[in-house]
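Worksheet: the structure to be examined is printed underneath.
The values are calculated or read from the model by the stated rules, or taken from the named source; none is laboratory data. None of the values given here were measured: they were computed from a predicted structure. We place every Cβ from the backbone using ideal geometry, glycine too, and count neighbours over all the protein chains shown.
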Amino acid sequence: MLVLENVAFRDGNELHIHPTSLSLVPGVVHALLGETLAGKTTLLRLMAGLTQPTAGRILFDALEVTGQAVQKRRVSMVYQQFINYPHLSVRDNIASPLKVAGLAANEVQRRVNEVAALLRLEPYLDRRPSQLSGGQQQRTALARALVKDSKLVLLDEPFANLDYKLREALRDELPRLLAGRGAVVVYATTEPSEALQLGGSIAALHEGRLCQFGRASEVYRQPLDITTAQILSEPPMNLVRAELRDGRIALSSSLSWPIPEALRHRADPALWVGMRPHHLSPGRHRALVQVQGRVLISVVSGSESIIRFEHEQQPWVCACPGLVRIASGENAQFGIDIDRAMYFGLDGKRIATPPAAAVSQAGLPTGVGALPAR
Amino acid sequence: MAAIELQGLAHSYAAHPSTDADWALRELDLRWREGGAYALLGPSGCGKTTLLNIISGLLHPSRGKVFFDGRDVTPCEPRERNIAQVFQFPVVYDTMSVYDNLAFPLRNRGVRREEVDARVRAVAGALGLQSSLDNRARGLTADAKQKISLGRGLVRTDVAAILFDEPLTVIDPHLKWRLRSELKALHQKHGFTMIYVTHDQTEALTFADEVVVMNEGRVVQIGTPAQLFDRPQHVFVGHFIGSPGMNLLPAERGPDSELRIEGRRVPLLDRAQPLPTAPGSGGASQTAGSMRAVGAGSLQIGVRPEHVRFADVGLPVQLDRMVDAGHVRILDLLHGAHRIKMVVPEEQVLPPATELRIAFDPHYTHVYADGWLVS
């Protein structure tokens, strides 16, 4: 287990990483999620020992490693750029950390073959990296990271430079590849869908601050503040200033609904309402609260449609499955699933979120959603 | 703006191409209407950039001709073709202001000052550059510079076509969804002929009226986003479009040429009954109808994860893994050695894990022979 205790990093007057505490267990992929410059790479470097914290302690399996050189930590790192030794074959690239560690030749060969099979690199073992596609080059870098028995595997947007489809396939395989290795795995990404689909935990980062850490589905459904909710929302969550009055919560002159139970005793009438685009659906729905708007643009992306519209001078977004055809300029109705609406105070902190029971896990074996035990 | 026609176009980088593999682009004919938005979509090395470079004139094709509005432009250099291009990485003048960068293509052609100003401000507005018009381009982030490149491509209204080569590569993911729809809105407003090259299905489908899917130098399917999703002509399209892609299950021909998966009939939902959303809520049963196919070739059943449902009668499966992707859950199901992906809405209640059975929506279940759709 990797533990960060109030780890901070300051460069001159600038605090790049605010004091951060985290406990990362082996067995699941921990996603570091945030926009470019949120501090993901700096945090990975601190975990690796490539950068030393200016405050706080780092412990690995209860032993303090703060200040210890990276060479002594059994860490592997994979970067966005494909980094391989250009003059070595794929086989020798993968074998290099084992040779450095002084392993016997037959042991080196055994392990290289094993990891090459795992990453489907067997046909390319005798090629040079330059003779490989981008996906094969990055699989080689990944194989080199996995071949040694690292205690900590750090992946910094490892698939960002790959074709979309290849990225999807590798992301899908990754949790399986890492299962049972016993290493702590941290994966930095800018994409919420990627962080969710890795199926482990998410640490949401914003401007050098850890906003929230927890199981992926929990951070998605129970964000503690607006920033975290937005980090996990693509397209961005609809965020509307609202007011509690006459037993209702009013978002605009024509949009209101009864005050939910959780807000009944709230003194301050002003608040923010957050509604994810996927919790709106076009058309009239008897069971949903309706909002009307003028459609700005409607686009289809793969299996879903994204509709941007304007309601009383406010921009809104609706995302829904299937192909929805609505012309720009049209006045349209959208249903809001208010059971999933999130309420935040003016300070950005969550007041109440939808009940966790909204998603039923009925009938499923426990532990599903994390890594299968093998 | 121009209509674009490609006749018998093919290209090889080899001096004396002999085998199929020597052709970066295999022979194709295409006709694109004036004012259309088109995307060339495919993995690295599929020939999409080769095709774009032939249209722009950066590359002369080994065979065939390119026509703009009926005029043969095959021998013409890029500047004679009157096109605007946006590349993967920003091309901007660092010492100029954002405004002057955007105005440059117009001033170069002696456009009146007021018109320059109006066009620059309109394009800057659409791309969210209004507040930085007076800043120098130097020192801006890569994605701000790329927005300038996009703006320079979009600022002229008199071009034959605007060509985009993976233009959103350096854009921060949080801005991408917005720029994608802005490009679409600009197209709807001005009716430019636009051609957009990308490996990202979301970008292609969002942007284009019609998508050309390419693989290994060959056009595999040309269609609207809906056609590519609902009726892929080839297993490659089924796999490449959609996330996750289409499930493809090997099938064999039983007696009466009825198709079977591992000896079982292809489980189809009864469309006469409402599609079940929860176990026991609908009469999901196998229909009397079955899937048949005649002819030769190795057969596969293709069905998208979105068109797989739980059913009372159907293919027995085991749940291997479930991923909570937020608004949907992605299930990995195993039927023997076959992995089947299924997408369910986040609110759906799942049946007991011990007795999972699935069936397919017959409207969206297809048969492929040697990779190609059998109708």
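Brief remarks follow.
- Filter pass, B:S243 being in a loop (DSSP other than H, G, I, E, B) and at the interface with chain A (Cβ under 8 Å from one of its Cβ atoms): yes
- Residue list for region B:317-347, filter: part of a loop (DSSP other than H, G, I, E, B) and within 8 Å of another protein chain (Cβ to nearest Cβ): B:A325, B:G326, B:H327, B:E346, B:E347
- Qualifying residue in region A:137-149 (condition: crowded, with 21+ Cβ neighbours inside 10 Å, within 14 Å of chain B (Cβ to nearest Cβ) and polar (S, T, N, Q)): yes
- The requirement of being crowded, with 19+ Cβ neighbours inside 10 Å and free of Cβ contacts under 8 Å to residues at least 60 places away in the same chain is not satisfied by A:P19.
- B:V116 passes every criterion in (1) in contact with a helix residue (DSSP H, G or I) (Cβ under 7 Å, 6 or more places away or on another chain); (2) within 11 Å of chain A (Cβ to nearest Cβ); (3) free of Cβ contacts under 8 Å to residues at least 24 places away in the same chain apart from (2).
- Filtered residues of region A:186-212 (kept if assigned to a strand (DSSP E or B) and of a type in the set (S, T, N, Q)): A:T189, A:S201, A:Q212
- Out of A:I17, A:I58, sole residue that is assigned by TED's automatic domain parsing to the domain that holds A:L210, farther than 30 Å from A:T140 by Cα and at pLDDT 90 or above: A:I17
- Single match in B:R107, B:R81 (criterion: of a type in the set (K, R) and free of Cβ contacts under 8 Å to residues at least 24 places away in the same chain): B:R107
- Residue in region B:141-157 that is over 22 Å from the mean Cα position of the chain (by Cα), surrounded by fewer than 22 Cβ atoms within 10 Å (Cβ to Cβ) and free of Cβ contacts under 8 Å to residues at least 12 places away in the same chain present: yes
- Yes/no for A:R308 being among the basic types (K, R) and within 31 Å of the chain's Cα centre (by Cα): yes
- Test: residue in region A:213-223 that is at negative phi, more than 10 Å from chain B (Cβ to nearest Cβ), at pLDDT 95 or above and part of a loop (DSSP other than H, G, I, E, B): yes
- The condition (being closer than 28 Å to A:I231 by Cβ, buried (at least 20 other Cβ atoms within 10 Å of the Cβ) and within 14 Å of chain B (Cβ to nearest Cβ)) is satisfied by just one residue among A:E173, A:E191, A:E157: A:E157.
- Once region A:176-185 is narrowed to residues that are over 18 Å from the mean Cα position of the chain (by Cα) and not in a helix (DSSP H, G or I), the residue that is surrounded by the fewest Cβ atoms within 10 Å (Cβ to Cβ) is A:G182.
- Filtered residues of region A:150-172 (kept if part of a helix (DSSP H, G or I) and either of a type outside the set (S, T, Y) or not assigned by TED's automatic domain parsing to the domain that holds A:V115 (or both)): A:K165, A:L166, A:R167, A:E168, A:A169, A:L170, A:R171, A:D172
- Qualifying residue in region A:294-310 (condition: in a helix (DSSP H, G or I) and closer than 30 Å to B:M322 by Cβ): no
- The residues in region B:221-240 that are without any contact (Cβ under 8 Å) to a residue 60 or more places away in the chain and either under 22 Å from B:H335 (Cβ atoms) or within 14 Å of chain A (Cβ to nearest Cβ) (or both) can be counted, and the count is 8.
- Residue pairs meeting the criteria (Cβ under 7 Å; at least 6 apart or on separate chains; first surrounded by 21 or more Cβ atoms within 10 Å (Cβ to Cβ), in region B:173-196; second of a type in the set (V, I, T) and in a helix (DSSP H, G or I)): B:R180/B:T206; B:S181/B:T206; B:K184/B:T206; B:I195/B:I55
- The C-beta contact set for region A:204-222 (first residue over 16 Å from B:R329 (Cβ atoms), second residue among the basic types (K, R), distance under 7 angstrom, 6+ apart or interchain) comprises A:L205/A:K40.
- Taken over region A:227-257, the criterion of being assigned to a strand (DSSP E or B) and either within 16 Å of A:E312 (Cα to Cα) or within 14 Å of another protein chain (Cβ to nearest Cβ) (or both) is satisfied by A:N238, A:L239, A:V240, A:R241, A:A242, A:E243, A:A250, A:L251, A:S252, A:L255, A:S256.
- Residues in region B:242-253 that are under 15 Å from A:R167 (Cβ atoms) and in contact with a Gly (Cβ under 8 Å, 6 or more places away or on another chain): B:G242, B:S243, B:G245.
- Among the residues listed as B:G295, B:G302, B:G283, B:G289, the single one being at pLDDT 95 or above, over 22 Å from A:C320 (Cβ atoms) and either away from chain A (no Cβ under 14 Å) or assigned to a strand (DSSP E or B) (or both): B:G302
- Screening the candidates A:G200, A:G247, A:G208, A:G214 for the property of being surrounded by fewer than 23 Cβ atoms within 10 Å (Cβ to Cβ), small (G, A, S) and under 29 Å from A:A169 (Cα atoms) yields one hit, A:G214.
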